[in-house]
Amino acid sequence: MTSVELPALPTPPKRPRKWTVLRWSLLLGGLTFLVIIVVSLFLLSPRFLKPRVEKELSTRLGLDVTLGTMSLAMRPHLRVSGTNMVFRVPSQPELPPFIAIDSFWVDVGPFSALRGHVGTVHLQGMKIAVPPGDKKDALRNGDGTGTGGGKIIVDLLETRDAVLTVLRRDPGREPLVFRIHEMDVRDVGFDRDMPFSVELTNPVPEGQVKSTGQIGPWQKADPTNLPVSGTYAFTLANLDTIKGIGGTLTSEGRYAGRLNEIAVEGRAQTPDFNLDLGGQPVPLIATFKAVVDGSDGSTRLDEVDATLFHTALKVNGLIDNLPGPGGHDIKLNVAVVSGRIEDLLALTMDAKKPLLTGDVTMKGPVALPPGKGSVRNRLAMAGLFGLKRGEFTDTAVQGKLQELSRRSQGKDVEEHTSRVLSDLSGQFKLAQGVMNIPDLQFVVPGAKVALHGTFNLASGDLDFGGTLRMQARMSQVVGGMKSVFIRPFDWMFKRPDAGTVVPITVRGTRESPKMGVEVGKILKRSAK
């Protein structure tokens, strides 16, 4: 049998092995990653990074920025660190640095340098010295909110145990110093508002403050005009750190404005408020609207609604923060629209029960200038006051008023006289612990007393003179058999619109006043 040869089949083309493609892919990826690492390390190298950071921050912030040293460590993480970072305001080289940082460090990834973004920057030994700047109007300049735009450069900026110093406009005055225990700023960028949280110690009154809010965007032309807004909680504030005032204050509220002038709205309560007037602690609650001057700590009280026990007060004015002992110059306008006299007396008298009760109104300026003396000697007040349905708590004093009212109406001893309620009104002026009252009107049923004189807050001494006008004639006032002998002399005491007018004195103490008749004036008046 003849064999037949078949034609040879074509040889298929050779294909690259899979491991070869993978090898080239890995090699290319590795080279790319290596290039990125090399470029990143170059960009993160202190030689390159230090001048770049200085230039970038100086340009963006409008400040002179310098760095002491920068270093790059590979273990345990890729870490950039530096020392002596200083930010100065170019137009104020004579002032301390606006921001000074002893050291900082940040862990970075291989792509951080390329995209200009890092996670958390840790700061140590940070000191902020806010320059005085020009006065701003916190209400006019807005509420402190930013646009929310701009590129985030740092996810979180954190510092512990920092110091915030607010420089005064007067270089001769001591600055305000705040101890910052913790501060975190998130989403840090140059042209955006940044959320922050802070815990610090307020110097005067000394207490702990916790606050969260927004700060920014950065004001390149004027750092002191930096917007800020947020909420705060002020706890365990020791009012004893303000000379002449005592108690423990708690306050919470919100604020908005600029770094150098901030509008604040809040509520404060002091369960043991007291003044250096010899009184006792009393509960005080207040809601307020104020503007704080950040350059010196002075506060303008625009609207204060306070409650002292059951007494409502409306207050506005200025608390000027000054250096030295008693370093506050306080000038207020105070109005007691509806209140109780016993609430106000509690601030000046340390007694188990008040001397006097009743509905009181008062209006006038109050000033407490700075100084070393006690509040009693420095306090100055003036204005008008009124007391309705006043009643002395001392039975002996109240008995004298009842007797005065009975005699003034010409009633017999046997006639019953109800408990007397009196009305007072007048002007007053307090200075150096002595209250001068040029015009005091004192009314009880059947009689009206007009007095002028002084009252010493410290000793309680009274020294008043004036007139007593009674409805009854003098013979009726005396009563009994004596009235027969007095009746021919009724004309000596008679005056228009009154049965009897007698010149009197009121002396003694606030607890034991003594009324006397000035006989010499009666005789002199009768001789005319």
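Points worth noting:
- Boolean, residue 397 is modelled with pLDDT of 70 or more, of a type in the set (Val, Ile, Thr) and crowded, with 16+ Cβ neighbours inside 10 Å: no
- Scanning the range 243-269 for residues that are within 25 Å of residue 375 (Cβ to Cβ) and more than 12 Å from the chain's Cα centre (by Cα) yields 243, 244, 245, 246, 247, 248.
- Considering only residues in the range 336-354 that are among the hydrophobic types (A, V, I, L, M, F, W, C) and more than 18 Å from residue 244 (Cβ to Cβ), the one that is least open to solvent (accessible area, probe 1.4 Å) turns out to be 336.
- Residue in the range 408-429 that is part of a helix (DSSP H, G or I), modelled with pLDDT under 75 and open to solvent by 50 Å² or more (accessible area, probe 1.4 Å) present: no
- The single residue among 472, 450 that is surrounded by 16 or more Cβ atoms within 10 Å (Cβ to Cβ) and modelled with pLDDT of 80 or more turns out to be 450.
Here is a yes/no grid of residues against (1) open to solvent by 30 Å² or more (accessible area, probe 1.4 Å); (2) among the hydrophobic types (A, V, I, L, M, F, W, C):
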| position | (1), (2) |
| --- | --- |
| 318 | yes, yes |
| 329 | yes, no |
| 334 | no, yes |
| 356 | no, yes |
| 370 | yes, no |
| 377 | yes, no |
| 388 | yes, no |
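- Members of the range 222-247 that are in contact with a strand residue (DSSP E or B) (Cβ under 6 Å, 6 or more places away or on another chain) and over 29 Å from residue 98 (Cα atoms): 236, 238, 239, 240, 246, 247
- Selection from the range 242-265 of residues that are of a type in the set (Gly, Ala, Ser) and touching an Asp or Glu at 6+ places or on another chain (Cβ under 6 Å): 244, 246, 247, 253, 256
- Some residue of the range 365-381 being part of a loop (DSSP other than H, G, I, E, B) and over 17 Å from residue 244 (Cβ atoms): no
Here's the yes/no breakdown for (1) within 30 Å of residue 231 (Cα to Cα); (2) in a loop (DSSP other than H, G, I, E, B); (3) of a type in the set (Ser, Thr, Tyr); (4) modelled with pLDDT under 90:
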residue: 87; (1), (2), (3), (4): yes, no, no, no
residue: 101; (1), (2), (3), (4): yes, no, no, no
residue: 110; (1), (2), (3), (4): no, yes, no, yes
residue: 119; (1), (2), (3), (4): yes, no, no, yes
residue: 124; (1), (2), (3), (4): yes, no, no, no
residue: 147; (1), (2), (3), (4): yes, yes, yes, yes
residue: 152; (1), (2), (3), (4): yes, yes, no, yes
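- The range 179-217 - residue that is outside any strand (DSSP E or B) and in contact with a Leu (Cβ under 9 Å, 6 or more places away or on another chain) and, of those, least open to solvent (accessible area, probe 1.4 Å): 216
- The numbered conditions (1) among the small types (Gly, Ala, Ser); (2) open to solvent by 40 Å² or more (accessible area, probe 1.4 Å); (3) under 30 Å from residue 222 (Cβ atoms) are all true for residue 312 except (3).
- Here the range 158-178 is the region considered, the condition is being among the aliphatic types (A, V, I, L, M) and open to solvent by less than 50 Å² (accessible area, probe 1.4 Å), and the residue that is farthest from residue 225 (Cα to Cα) is 162.
- Output for the range 235-252, where each listed residue is out of contact with any Pro (no Cβ under 9 Å at 6 or more places or on another chain) and surrounded by 18 or more Cβ atoms within 10 Å (Cβ to Cβ): 244, 251
- Applying a threshold of 7 Å to beta carbon distances and a minimum spacing of six or more residues, or different chains, the list of pairs starting in the range 170-194 at a residue that is closer than 24 Å to residue 321 by Cα and ending at one that is modelled with pLDDT of 90 or more and of a type in the set (Val, Ile, Thr) reads 177/163; 178/201; 179/163; 179/201; 180/163; 180/198.
The values are calculated or read from the model by the stated rules, or taken from the named source; none is laboratory data. Note that the coordinates shown come from a computational prediction; the quantities given were computed from them, not determined experimentally. Every residue, glycine among them, receives a Cβ derived from its backbone with ideal geometry; neighbour counts consider all protein chains shown. We work out accessible area using only protein heavy atoms, side chains counted, and drop any ligands, DNA or RNA first. Shrake-Rupley method; radii C 1.70, N 1.55, O 1.52, S 1.80 Å.
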